[in-house]
Amino acid sequence: MPSVNGNGAAAAWVGIDGDTFATAILQAGVFFSVTDETVEYGAWYEWWPNYATDIDTDDFPVSAGDVITVNIDASSNSEGIVTLTNESAGKSFVINLTSPTKLSYLGGQNAEWIIEDYTQNGGLVPLANWGTVTFVNASASTSANNTLGLEDATIFDIEQYNDIMTFVTIDSDSSVSISYA
């Protein structure tokens, strides 16, 4: 978890589908928010089109400096297991999920490692400065048990009001760093 500053927020997450398979996304991660120097951290999961569900911080606490592992396992196109582990606090959260509708079955077309702003009260939140977040051990496994890394990854930067807000570096086939620009 990064230390954040400036008023704003962001979410760091891992997901299946969404970019090239727009009818579904199974995702989980953490958020960080700063309002008037008050910093809030939390974790969440979502199978879109359902809304994100926040995880109770008593069950899964997160703080600046924590190392968080996120694993998304699509056991079928309509079932998945989300596992978040706070390696620093020794806590885990596991939930079995079912696709909310037949239209949101997973296609298994892409895996994502993302930091982004999110919608709150009908609009995008201002983006907080998180410094740099690095996703390590980033890989995806296919139904044929092939492991895919980041070598052919597509990079998207966040742009707000014609300003590029992120700088993305693929450090290796299993590591990507996303910096606030």
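The values are calculated or read from the model by the stated rules, or taken from the named source; none is laboratory data. Given the structure is predicted, the values throughout are model-derived calculations rather than measurements. Here Cβ is always computed from backbone atoms with ideal geometry, including for glycine, and neighbour counts include all displayed protein chains.
Restricting region 106-152 to residues that are of a type in the set (Ser, Thr, Tyr) and in contact (Cβ under 8 Å) with a residue 60 or more places away in the chain, the residue that is farthest from Asp173 (Cα to Cα) is Tyr118. Looking only at region 59-68, residues that are in contact (Cβ under 8 Å) with a residue 60 or more places away in the chain and either buried (at least 18 other Cβ atoms within 10 Å of the Cβ) or not in a loop (DSSP other than H, G, I, E, B) (or both) come to 2 in all.
Do we find that Val39 is over 26 Å from Lys102 (Cα atoms) and crowded, with 20+ Cβ neighbours inside 10 Å in this structure? Taking the combined requirement at face value, the residue does not satisfy it.
For (1) of a type in the set (D, E, K, R); (2) modelled with pLDDT of 90 or more; (3) over 15 Å from the mean Cα position of the chain (by Cα); (4) surrounded by fewer than 18 Cβ atoms within 10 Å (Cβ to Cβ), each residue gets a yes or a no:
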{"position": "Glu112", "(1), (2), (3), (4)": "yes, yes, no, no"}
{"position": "Gly131", "(1), (2), (3), (4)": "no, yes, yes, yes"}
{"position": "Gly149", "(1), (2), (3), (4)": "no, no, yes, yes"}
{"position": "Phe167", "(1), (2), (3), (4)": "no, yes, yes, yes"}
{"position": "Asp173", "(1), (2), (3), (4)": "yes, yes, yes, yes"}
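Taken together, the criteria exclude Asn137 from residues that are under 30 Å from Glu79 (Cβ atoms) and modelled with pLDDT under 90. Do you know which residues across region 1-58 are part of a loop (DSSP other than H, G, I, E, B), over 26 Å from Ser177 (Cβ atoms) and of a type in the set (Phe, Trp, Tyr)? Passing the criteria: only Tyr51. Of the residues that sit in region 92-110 and are among the aliphatic types (A, V, I, L, M) and at pLDDT below 95, which one is nearest to the chain's Cα centre (by Cα)? Result: Leu106.
Checking the conditions here, which among Val34, Val82, Val39 is out of contact with any Lys or Arg (no Cβ under 7 Å at 6 or more places or on another chain), β-branched (Val, Ile, Thr) and at pLDDT 95 or above?
The conditions single out Val82.
Ser143: at pLDDT 95 or above, assigned to a loop (DSSP other than H, G, I, E, B) and exposed (fewer than 15 other Cβ atoms within 10 Å of the Cβ), yes or no? Spelling it out, it is not the case that Ser143 is at pLDDT 95 or above, assigned to a loop (DSSP other than H, G, I, E, B) and exposed (fewer than 15 other Cβ atoms within 10 Å of the Cβ). Of the candidates Ala89, Ala153, Ala138, the single residue that is under 14 Å from the mean Cα position of the chain (by Cα), part of a loop (DSSP other than H, G, I, E, B) and surrounded by 12 or more Cβ atoms within 10 Å (Cβ to Cβ) is Ala138. Inside region 98-135, residues that are out of contact with any Asp or Glu (no Cβ under 7 Å at 6 or more places or on another chain), assigned to a strand (DSSP E or B) and of a type in the set (A, V, I, L, M, F, W, C) make up a count of 6. Test Glu79 against the stated conditions and say whether it is of a type outside the set (Ser, Thr, Tyr) and farther than 15 Å from Val30 by Cα. Criteria met by Glu79.
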